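Handing you this structure, nothing more for now.
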Amino acid sequence: MSIIRIDGGRRLYGTVSVHGAKNSVLPIMAAALLACGETVIHNCPNLSDVDAATRILVHLGCIVNREGAKVYVDSKTLTRSDIPHELMREMRSSVIFLGAIMARLGEAVLSLPGGCELGPRPIDLHLSALRAMGAEIDEEGGNIVCKAKSLKGCRINLAFPSVGATENVMLAAAKCAGTTIITNAACEPEIWDLQSYMRRLGIKVHGAGTSIITIEGCGQKGNTEHWVIPDRIVAATYMACAASSGGMIELTNVYPGHILAVTETLEEMGCEIKTGSDTILINADKPRKAVKPIITKPYPGFPTDAQPPVMAASLTADGTTVFVENIFENRYRHVAELRRMGADIKTEGRVAIVSGVKKLHGAPITSTDLRGGASLLVAALGAEGITEISGVAHIDRGYDDITGVLESLGADILKFD
Ligand code: UD1
């Protein structure tokens, strides 16, 4: 069980190249099943969630190799259609394999992902969409048994623009007869990235990035390569680190247009931000002030995944900042840990009220989920004294060598077992 130890209060200074997006790589690894050939995924981050997706592909019979930031997936040899509980449990988002396995084999057996650290994470929208496409689904004994002689294209209106449900329908529709039209689809950049990859396979997909996506099922296959987009949440986290430590960081390999809601908030907080086509420079040498309510929403609204790190950056801002978490029920688990560092935060249901304090102090704290864990790092960088963070495995799910990166920026940080 690793621990990260930070002696806070040093201004961070330097350049960070943002790695590929976890939330793009995972559905693209699932989509590689559609290729029936070899896919080379470039800009693939080294994350424990990517390792978990690799174990699933290998279990299914695929050949997967990694060379640095390149991952090779050969799905010609796919033989199985089941994902056992041990593998599903490692990564809740493994449900995105469902659509791809159905498209390739017409049957899939997965254990239910169940609840997670962010609260219940139902998959009713995924399942009702697959049923509308002609799948028969039994949910028994904690398993989902999904079968279809042939899936058929149809119109699917999602009751909520779920990222995972949109991806699952896109994948399931890729080889089915007829045209599938998803309305109220999620518009996140990662959906657009999935569409780009599917197009490289010759699948006709249109509309990603808008709320209407059309997929014409077809049987294209072959070898292909794909370059994953930069991780906007990692970028937001490093910006929050700059803000909390009063430092200056240049991000490279980033798409500023993907995180406008976050940059606008940090500017309002008093940070100076300059963007280029694929760079962001953030200078946080001025005192921070509270901002108008931060309300998480589907893209292009303020991302729920950036709420915890930005909250950590607001803890020593002058005034009161209100957060409203609209996407996940249980996304304030970091609050109790931040309070141990002297933060003044009150929560009531979906609302958290941060009253800025003059300073935070180091404390022993525990990461309870991925982005909550990142928020503890952000707070510790700006706190006086030593913070020891346990539960680091959560952070490793989504940040490639974050301790090495922060050390290169001047943080006094050490990871040890
Ligand atoms: C994805 C991201 C996650 C991000 C989230 C919202 C990946 C691997 N993960 O998660 O980092 O925080 O989008 O931007 O891409 N819901 C239902 N029924 C369903 C599906 C979802 O009620 O069938 C609800 C969820 O409980 C949640 C909300 O819809 O409250 C959003 O979930 P969704 O967009 O599906 O998130 P994920 O795809 O799980």
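If the cut-off is a Cα-Cα distance under 20 Å, which aspartates and glutamates reach Lys289, setting aside same-chain residues fewer than 8 apart in sequence?
Glu264, Glu267, Glu268, Glu272, Asp318, Asp344, Glu384
Moving to a separate point now. Looking at the chain, identify the longest residue range that excludes and avoids all trypsin sites (Lys or Arg not before Pro) in DSSP loops having at most 12 other Cβ atoms within 10 Å.
150-357
GNM, the chain, Cα, under 10 Å: largest mean-square fluctuation among Ile395, Ile137, Ile28?
Answer for the Gaussian network model of the chain: Ile137.
Figure the gain on full extension for Ser408 and Ala132 (residue separation times 0.36 nm, minus the Cα-Cα span) and round it to one decimal in nm.
94.3 nm
Let me ask something else about it. Rounding to the nearest 10 and keeping the result within 0 to 90°, find how far the Cα-based axis of helix 370-382 lies from the longest principal axis of the chain.
Computed tilt is about 20 degrees.
Give, rounded to the nearest 20 debye, the magnitude of the charge dipole that the chain has about its Cα centre when Lys and Arg contribute +1 at Cβ and Asp and Glu contribute -1 at Cβ.
Using only the charged Cβ atoms, the result is roughly 660 debye.
Further, regarding this structure: By count of other Cβ within 10 Å, fewest leading, how are Trp227, Trp192 ordered?
Values: Trp227 15, Trp192 19.
If I rank by nearby Cβ atoms, fewest first, I get Trp227, Trp192.
Provide the net charge surrounding Gly153, with neighbours chosen by a C-beta distance below 13 Å and charges set as Lys +1, Arg +1, Asp -1, Glu -1. Please list the in-between numbers first.
Details: positive: Lys152, Arg155, Lys175, Lys204; negative: Glu216.
Once all neighbours under 13 Å are counted, the net charge is +3.
What order do you get for Ile4, Ile63 when you list them from fewest to most C-beta neighbours inside 10 Å? Present the calculation step by step, with values, prior to reporting the outcome.
Values: Ile4 23, Ile63 13.
Neighbour counts put them in this order, fewest first: Ile63, Ile4.
Under a Cβ-Cβ cut-off of 11 Å, what is the net charge of the residues other than Thr347 that fall near it, where Lys and Arg count +1 and Asp and Glu count -1?
So the surrounding residues net to +3.
Let a ≥ b ≥ c be the square roots of the eigenvalues of the Cα gyration tensor of the range 101-221; is it rounded (a/c under 1.5), or, if not, prolate (a/b larger than b/c) or oblate?
oblate
Based on DSSP, what percent of beta bridges with both residues in the chain are antiparallel, to the nearest 5? Working shown, then result.
Values: 57 of 81 bridges.
Around 70 percent antiparallel, to the nearest 5.
A further question follows. Any chance you could give the angle, 0 to 90 degrees and rounded to 10, that helix 48-60 forms with the longest Cα principal axis of the chain?
Value to nearest ten degrees: 10.
Can you tell me how the range 297-417 classifies by the Cα gyration tensor, rounded, prolate or oblate, using a/c under 1.5 as the rounded cut? Can you show the working numbers first?
Numbers: a/c = 1.75, a/b = 1.27, b/c = 1.38.
Because a/c hits 1.5 or more and a/b fails to exceed b/c, the range 297-417 counts as oblate.
Pairs of Cα atoms under 8 Å, at least six residues apart: use those to get the relative contact order of the range 279-417, whole percent.
Contact order relative to length: 20 percent.
How much of the DSSP bridge set in the range 151-296 is antiparallel, in percent, rounded to the nearest 5?
Details: 17 of 22 bridges.
Looking only at bridges with both residues in the range 151-296, the antiparallel portion is about 75 percent.
Follow-up question, since we're still on this one. Starting from the Cα gyration tensor of the chain, take the square roots of the eigenvalues, sort them a ≥ b ≥ c, and report rounded, prolate or oblate (rounded when a/c is under 1.5, otherwise prolate if a/b is larger than b/c, else oblate).
Prolate is the answer for the chain, as a/c is 1.5 or above and a/b outweighs b/c.
Of all beta bridges DSSP finds with both residues in the range 235-352, what is the antiparallel percent, to the nearest 5?
Rounded to the nearest five, the antiparallel share is 75 percent.
Between Lys149 and Asn46, what FRET efficiency comes out of the Förster formula 1/(1 + (r/R0)^6) with R0 = 35 Å and r the beta carbon distance, rounded to 0.05? Don't jump to the answer; show the numbers that get you there.
Details: r = 41 Å, r/R0 = 1.16.
Working from the Cβ atoms, E equals 0.30.
Just grab the label-to-label distance for Val351 and Ile295, each label 7 Å out from Cα along the Cβ direction, in nm (one decimal).
1.2 nm
Listed here are the pairs Lys149/Lys297; Lys70/Lys359; Lys175/Lys274; Lys22/Lys175; which of them are more than 32 Å apart at the Cα?
Cα-Cα > 32 Å for Lys149/Lys297; Lys70/Lys359; Lys175/Lys274; rest within.
In what order do Glu107, Glu167 fall by count of nearby beta-carbon atoms within 10 Å, going from fewest to most?
Glu107, Glu167
Provide the net charge surrounding Pro230, with neighbours chosen by a C-beta distance below 13 Å and charges set as Lys +1, Arg +1, Asp -1, Glu -1.
It works out to a net charge of -3.
Only the coordinates and a few stated rules stand behind these numbers; no lab work does. Remember, it's a predicted structure, so these values are computed and weren't measured experimentally. As a convention, Cβ positions derive from the backbone with ideal geometry for all residues, glycine included, and neighbour counts pool all protein chains shown.
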